[in-house]
1. Those residues that are part of a loop (DSSP other than H, G, I, E, B) and either crowded, with 22+ Cβ neighbours inside 10 Å or out of contact with any strand residue (DSSP E or B) (no Cβ under 8 Å at 6 or more places or on another chain) (or both), I need them from region 133-154; list them, please.
2. Which residue pairs have Cβ atoms closer than 9 Å, lie 6 or more positions apart in sequence or on different chains, and pair a first residue in region 104-116 that is among the acidic types (Asp, Glu) with a second residue that is open to solvent by 60 Å² or more (accessible area, probe 1.4 Å)?
3. Give the residues of region 286-326 that are among the hydroxyl-bearing types (Ser, Thr, Tyr) and under 16 Å from Gly203 (Cα atoms), sorted by residue number.
4. For region 99-132, how many residues meet the condition of being part of a helix (DSSP H, G or I), open to solvent by 30 Å² or more (accessible area, probe 1.4 Å) and not hydrophobic (A, V, I, L, M, F, W, C)?
5. Taking the options Ala152, Ala128, name whichever one is of a type in the set (Gly, Ala, Ser) and modelled with pLDDT of 95 or more.
6. Taking Val206 as the residue in question, decide whether it is under 17 Å from Arg292 (Cβ atoms), open to solvent by less than 30 Å² (accessible area, probe 1.4 Å), part of a strand (DSSP E or B) and in contact with a strand residue (DSSP E or B) (Cβ under 9 Å, 6 or more places away or on another chain).
7. So, in region 242-299, of the ones that are basic (Lys, Arg) and surrounded by 11 or more Cβ atoms within 10 Å (Cβ to Cβ), which residue ends up farthest from Ala232 (Cα to Cα)?
8. Looking at region 300-332 only, could you name the residues that are open to solvent by 20 Å² or more (accessible area, probe 1.4 Å), assigned to a strand (DSSP E or B) and not charged (D, E, K, R)?
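The values are calculated or read from the model by the stated rules, or taken from the named source; none is laboratory data. Note that this is a predicted model, so its numbers are computed, not measured. Positions of Cβ are backbone-derived with ideal geometry, glycine not excepted, and every protein chain shown enters the neighbour counts. Keep in mind that these areas ignore ligands, DNA and RNA; they rest on the heavy atoms of the full protein, side chains included. Shrake-Rupley method; radii C 1.70, N 1.55, O 1.52, S 1.80 Å.
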Amino acid sequence: MSVNTFGRLLRFTTWGESHGPAIGAVVDGCPPGLTIDESVIQPFLDARRPGQSKFTTQRQEPDQVRILSGVFEGKTTGTPISLMIENVDQRSKDYSDVAKAYRPGHADYAYDAKYGFRDYRGGGRSSARETASRVAAGGVARLVIPDVTILAYVSEIGGDAIDMANFDPAEIANNPFFCPDAQAAKRWEKIVDDARLAGSSVGAVVECVATGVPAGWGAPLYGKLDADLAAAMMGINAVKGVEIGDGFAAARLTGEQNADPMHPGSNGPEFSANHAGGIAGGISTGQPVVVRVAFKPTSSILTPQPTINRAGEATELFTKGRHDPCVGIRGVPVVEAMMALVLADHKLLHRGQCG
């Protein structure tokens, strides 16, 4: 079976393909009585929308969301919320060669091996176009966790990382890279533009921080908050690695260095470090929840690559069409959405067991 649903109590199912008439999501388990209309969700889709700069794909999609069910008189009813986003700028002819051969780095061969049939237009279901549905669903999830603030940003492009000494949240909205370091953003213009002009691509790292998460969300062993976050982030197209807190760097520390010392505070314990990324034993500690997500370079490049066709014969293929020279840039709103969906689900799970 194909698993298109994520979550336990707050569940969402995405549907649609890159070059179909529409894509969308059905969000089930949302509590009733929350104020919502399209304007609540649209800003998050606008942040992800393609064609906003020369550093992203030039596919022109307005990404206007429509709420089809689950809302009455501006309030959620507790029934499934159906969200639809029309596709308006497909160019399926760009993929005529892809119908005959597999694009290296893409899911073409894997889909054919699994199903014996695939929608080759833009990658069909495996296209990053699907992530717009997740962003719409994430807009609903944020209503469930109004006291949690989620902020994601690009921390590295093409191996060039930001300087945390220059970190300024206000800068994130001032450049096309969602970058909190103005100096790094300036450097990235050349890195990404050089890749674009060469018909190539570069990778990126997106960091996401959720503040206001109370202690107690998550569960031991098989319901760990960090495990669900890792699964959610790894489910995003082009993601090849996820770190919670210090992540792999923790393996290079001593026990003393990696500890998060606690001291008495006026509103509970105060921590002098957050190497754990706000999660211990699978349960939130009350500290900021920190996740880093590694996006591979976009596999759609203009450099011919050796591959095979459906008959197993050797050939070469380069990918025509309009593609992101750095897919991680538009991954920022998607990472935020998946963070919101997981946290909202765990809030409801915690309430269900502990009241």
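1. Selection gives Ile145, Pro146, Asp147.
2. Asp108/Tyr120; Asp112/Arg310
3. Across region 286-326, the qualifying residues are Thr298, Ser299, Ser300.
4. 7
5. Step by step, each of Ala152, Ala128 is checked, and only Ala152 is of a type in the set (Gly, Ala, Ser) and modelled with pLDDT of 95 or more.
6. Taking the combined requirement at face value, the residue satisfies it.
7. Lys296
8. Taking region 300-332 as the starting set, the residues that turn out to be open to solvent by 20 Å² or more (accessible area, probe 1.4 Å) are 301-316, 318, 320-323, 327, 330.
Remaining after also requiring assigned to a strand (DSSP E or B): 305-309, 314-316.
Within region 300-332, Gln305, Pro306, Thr307, Ile308, Asn309, Ala314, Thr315 meet the criteria.
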